[in-house]
1. Rounded to whole Hz and in sequence order, give me ³J(HN,Hα) for the range 106-119 from the Karplus expression 6.51 cos²θ - 1.76 cosθ + 1.60, θ = phi - 60°, writing x for Gly and Pro.
2. With θ taken as phi - 60° and the coefficients 6.51, -1.76 and 1.60, list the Karplus ³J(HN,Hα) couplings across the range 30-43 in order, rounded to whole Hz; mark glycine and proline as x.
3. Report the FRET efficiency, 1/(1 + (r/R0)^6), for A97 and D49, where r is their Cβ-Cβ distance and R0 is 41 Å, rounded to 0.05.
4. Ignoring ligands, DNA and RNA, what percent of the 1.4 Å accessible area of the range 84-173 is carbon and sulfur?
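The values are calculated or read from the model by the stated rules, or taken from the named source; none is laboratory data. If you're wondering where the values come from, they're calculated on a predicted model, not measured in any experiment. Counting neighbours? That spans all protein chains shown, and the Cβs are built from the backbone with ideal geometry, glycine included. Side chains included, ligands, DNA and RNA excluded: accessible areas come from the protein's heavy atoms. Shrake-Rupley method; radii C 1.70, N 1.55, O 1.52, S 1.80 Å.
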Amino acid sequence: ELGELQLRMDWSQVDRRLDEAANAGPGGRLVALLDNCGRMVAGSRRLLDLLPRLSEDLAAYAAPAADGRAATQARPPLPGTLGGPMLVGVGRAHGYAGFDGFGWQLLVLVPLQDALAPVRSTALVFALLLGGVALLTVAVAYGLSRAIARPILALTEARRNYRRARALPRPAA
């Protein structure tokens, strides 16, 4: 063993990058970098306002799903945040060229309400379009049925008149 390598990090730069990522889209997105023990070593500004650096409160959010996969999944609300469940995406750092990596993870937490907002607005637009098409279909069907039924009703009325008067009506000139 030759010695020990020490690394000094300016975590404020990492925090700024994570804050930029959190603010890149709409909603109350929170971003955190966790070490291999599940401690938050860096985070977006809103997250650092909620939890202290090196907090282990996010370790449960980074735990793999029941089937062992690191899938995006809904989790209970983060203490101190507004709203309900959070949608959590976990990115794990993998090794490279024989180096196993540090086991760090990147967490992106989005309130489920914010994550589903685009789906809800798309569903609303779809429902409005579907309603419009249904109304247009009914209007066209009504017009066509009247156009088809009008001569049949006139023929039925002429037959009734003939039965009563035993005379054919004069043709219109």
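1. 10, 10, 10, 10, 10, x, 4, 4, 6, 5, 8, 4, x, 5
2. 10, 10, 9, 10, 10, 7, 5, 9, x, 8, 7, 8, 8, x
3. Once the sixth-power term is evaluated, E becomes 0.60.
4. The nonpolar share, carbon plus sulfur, comes to 70 percent.
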